[in-house]
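A short write-up of the structure that comes next.
The values are calculated or read from the model by the stated rules, or taken from the named source; none is laboratory data. Remember, it's a predicted structure, so these values are computed and weren't measured experimentally. Neighbour counts run over all protein chains shown; Cβ positions are idealised from the backbone, glycine included. Ligands, DNA and RNA are excluded from the accessible area calculation, which covers all protein heavy atoms including side chains. Shrake-Rupley method; radii C 1.70, N 1.55, O 1.52, S 1.80 Å.
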Amino acid sequence: MTPEQLKASILQMAIKGKLVEQRSEEGTAEELYQEIQDEKQRLIKEGKIKKEKPLAEITEDEIPFDIPESWKWYRLGDLIKVQNGYAYKSEEMNKDEKGMPVIKSGNLMSLSVQLKPRNDYIEHPTEKMLESKIVKGDMLMCLSSQSDNPEPLGKTAVYESDKPALLNQRVLKMRPFIDEITYYLYYVINTEYFHYNVSHQGGGSAQANLKMSHVLNMLVPIPPLQEQHRIVVKIEELLPYVDRYAEAYEKLEQFNAKFPEDMKKSILQYAIQGKLVEQRTEEGNAEEQYQQIQEEKQKLIKEGKIKKEKPLSEITADEIPFDIPETWKWIRFGEIYKLTNGLASRGKFGKPMCPVLRLADLSNDRVNTSDVRLLGIDEKEKNSHLVKKDDLIFIRVNGTRDRVGRAYLYDGDNEISYCDHLFCGHALVTSIDVKYIQYIFNSHFIRCQLNPEIKTTAGQNTISQGSMNNIILPLPPYNEQKRIAAKIEELMPYCDKLIR
């Protein structure tokens, strides 16, 4: 249950007579109503209010739910006197807090009257304007809203300031004939029952404006006066608990929103610490594998397939952030992958058209080739910038910092190139599982290494090949890499289900 639903439930119980017990010694609503009518007649006799045409009798078909025997249904117009606001002109108002504040529908949004930082004021109100004066104890109701936002419609607040104010048009002032029923009516009017039925008068959908007749003819369940007071006390006793519940609910919502991503981070962290799957002695160790990698690299250099590069620096003890299994080894990314910058060309007229990957083609950690752009590129350029199946595409330049350095898997078979906002990463050896590398590269651990290396210029974030090559990562034996990647793929869909 949301905090709003909990509050609505409390108010609904209140207006059905289920929030506090009934006490026979407190009399009946009929007796209270007679007191209200006596006061109304006195005000008419003294000329303080006009005698109005009686409202229609309440029929059985109109009554929405059962109420206790000591209660009775009345029309709101039989319990209150009303006054419309005044249509102020912009040139008559100031925002310098000179004079009397003007109360508009926007001041009632929190169900209490709140002056805004740039509220409108009238410095010298005329006698006509003062007819819309409001004082402490007046109830104010929004009679209109924007057609695309019905939220303010029917919202009601009690004016509680000792300083008088002025009422703007389309806000209704309501004053009960006896002040003792004010706060009970305030809570009734702000129930879902009242708001829905008033705002849907005469049609199936909420209207942008309320007519005075809609408000006056609305049915209100009235208890005896003492029971009203006990209901108000009970509501005000419970509402702070609703507020505390709302705080806890908001924290829970934030936790739930973060939980799937936090779970993914935890899974990847377990993976890179060797805690996601068991180690198996028969799978050998990463040191042996590392030596095989070095031998394979030397062979590729000798055959002229890759260039001999300056050796990367040794990994120091200070760089190692956590312990890994004995069969694993810390390595630098550049020791197992070769990165190549993308095409600087924007296309040449008359050259063969070739598909070229852009940032827009990278999503959900995959390369999407369904809408790849074609560019005119000569054969040499194309061949030196081809993406092969199981290559990783890394974002080199992007406006969004968190995307820089992120890895995307190309699992297609077609020849395709890539633009200069990207790197292509090709494994130097076959004894590396590409999915393991991708998962590790997109982990929070790698993110923490990348962020300090990202440079920002003219709103664009970039990372260099050198920074990428120097990233350290934990390398398990090859078969364990495959088992880790498979376990991650098994678990990630469960995290996605949590999002929904």
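Pick the calculated log10 I(q)/I(0) by the Debye sum over Cα atoms at q = 0.09, 0.12, 0.13 Å⁻¹ for this structure from [x] -0.71, -1.16, -1.28; [y] -0.77, -1.00, -1.14; [z] -0.58, -1.05, -1.24?
Entry [y].
What ranking of D420, D413, D391 comes out by heavy-atom accessible area, probe 1.4 Å, highest first?
Output order, biggest surface exposure first: D413, D420, D391.
Compute the distance in nm between two label points, each set 7 Å from the Cα along the Cα-to-Cβ direction, one at Y33 and one at E319.
8.6
Can you list the lysines whose alpha carbon sits under 19 Å from that of K497, skipping same-chain ones fewer than 8 residues off?
Within the straight-line cut-off, K497 pairs with K258, K264, K265, K487.
Which cross-chain or sequence-distant (5 or more) residues have an amide H under 5 Å from the amide H of L428, H modelled 1.01 Å from N in plane?
Y337, K338
Enumerate the calculated ³J(HN,Hα) couplings along the range 181-195 in order (Karplus 6.51 cos²θ - 1.76 cosθ + 1.60, θ = phi - 60°), each rounded to whole Hz, writing x wherever the residue is Gly or Pro.
The phi angles translate into 9, 4, 6, 5, 4, 4, 5, 4, 5, 8, 7, 4, 4, 5, 4 Hz.
Kindly provide the chymotrypsin sites (Phe, Trp or Tyr not before Pro) of the range 55-104 that DSSP labels as loop, not H, G, I, E or B, and whose Cβ sees at most 12 other Cβ atoms within 10 Å. Kindly include the intermediate steps, with their values, before the conclusion.
Details: sites: F65, W71, W73, Y74, Y86, Y88; in loops: F65, W71, Y88.
Hits after loop and neighbour filter: F65.
Which peptide among 436-447, 355-366 comes first, and what is the full order, when sorted by highest mean count of other Cβ atoms within 10 Å?
Highest-to-lowest ranking by the protection proxy: 436-447, 355-366.
Is there a pair in K18/K234; K297/K380; K53/K155 whose C-alpha atoms are over 21 Å apart, and which pairs would that be?
K297/K380; K53/K155
Amide H to amide H, which residues 5 or more places from L475 or on other chains are under 5 Å from it, using H placed in the peptide plane?
K329, W330, I331
What's the extension gain from Q279 to E250 if we count 0.36 nm per residue and subtract their Cα-Cα distance?
Values: separation 29, 0.36 × 29 = 10.44 nm, distance 4.15 nm.
Net length gain for the segment: 6.3 nm.
For the Cα atoms of the chain, what angle does the longest principal axis make with the long axis of helix 225-272, in degrees from 0 to 90, nearest 10?
The answer is roughly 10 degrees.
For the chain, what is the mean residue ellipticity at 222 nm derived from helices alone (per DSSP H run of n ≥ 4: -39500 (n - 2.57); sum divided by total residues; nearest 500 deg cm²/dmol)?
So the calculated ellipticity at 222 nm is -10500 deg cm²/dmol.
For the range 300-335, which trypsin sites (Lys or Arg not before Pro) are in a loop by DSSP, counting at most 11 other Cβ atoms within 10 Å? Before the final figure, lay out each step's value.
Values: sites: K302, K305, K307, K308, K329, R332; in loops: K305, K307, K308.
Taking the range 300-335 and a limit of 11 other Cβ atoms within 10 Å, the loop trypsin sites (Lys or Arg not before Pro) found are K305, K307, K308.
Let's see if you can work this out: charge +1 on each Lys and Arg Cβ, -1 on each Asp and Glu Cβ, no other charges. What is the dipole magnitude of the range 231-353 about its Cα centre, in debye to the nearest 20?
My answer is approximately 1300 debye.
What FRET efficiency do you get for S90 and T126 if R0 is 22 Å and r is their Cβ-Cβ distance, rounded to the nearest 0.05?
Efficiency for this residue pair is about 0.85.
Calculate log10 I(q)/I(0) of the range 63-202 for q = 0.09, 0.10, 0.13, 0.15 Å⁻¹, where I(q) comes from the Debye formula with a single equal point scatterer on each Cα and nothing for solvent.
Listed by q, the Debye log ratios stand at -0.29, -0.36, -0.58, -0.76.
Estimate the FRET efficiency between K48 and Q169 by the formula 1/(1 + (r/R0)^6), using the beta-carbon distance for r and 22 Å for R0, to the nearest 0.05. Kindly include the intermediate steps, with their values, before the conclusion.
Values: r = 23 Å, r/R0 = 1.04.
The formula returns an efficiency of 0.45 here.
Tell me, in nm to one decimal, what length is gained between I63 and M353 on full extension, where the rule is 0.36 nm per residue of separation less the Cα-Cα distance?
Using 0.36 nm per residue and subtracting the Cα-Cα distance, I get 96.9 nm.
Of the listed pairs K16/K40; K81/K116; K81/K133; K299/K329, which have alpha-carbon separations greater than 20 Å here?
With Cα atoms farther than 20 Å apart: K16/K40; K81/K116; K299/K329.
Grab the beta carbon distance between K308 and S144, set R0 = 51 Å, and tell me the FRET efficiency rounded to 0.05.
Working: r = 78 Å, r/R0 = 1.52.
About 0.05, to the nearest 0.05.
Tell me the carbon and sulfur percent of the accessible area for the range 350-500, rounded to whole percent, probe radius 1.4 Å.
After summing per-atom areas, the C and S share lands at 49 percent.
Residue-wise, which Karplus ³J(HN,Hα) couplings in Hz belong to the range 131-140, taking 6.51 cos²θ - 1.76 cosθ + 1.60, θ = phi - 60°, and x for glycine or proline?
5, 9, 5, 10, 10, 3, x, 6, 9, 10
Provide the per-residue ³J(HN,Hα) series for the range 107-113, in order, calculated from phi with Karplus coefficients 6.51, -1.76, 1.60 and θ = phi - 60°, each as a whole number of Hz, with x at glycine and proline positions.
7, 10, 4, 8, 6, 9, 7
What full-extension length gain, to one decimal in nm, is calculated for L498 and E237 as 0.36 nm per residue of separation minus the Cα-Cα distance?
My answer for the length gained is 90.4 nm.
Given H placed 1.01 Å from N in the peptide plane, which residues other than close sequence neighbours of I103 have an amide H under 5 Å from its amide H?
Hits under the 5 Å cutoff: L166, L167, N168.
With label points built 7 Å along Cα→Cβ from the Cα atoms of L115 and Y270, find their separation and express it in nm.
5.8
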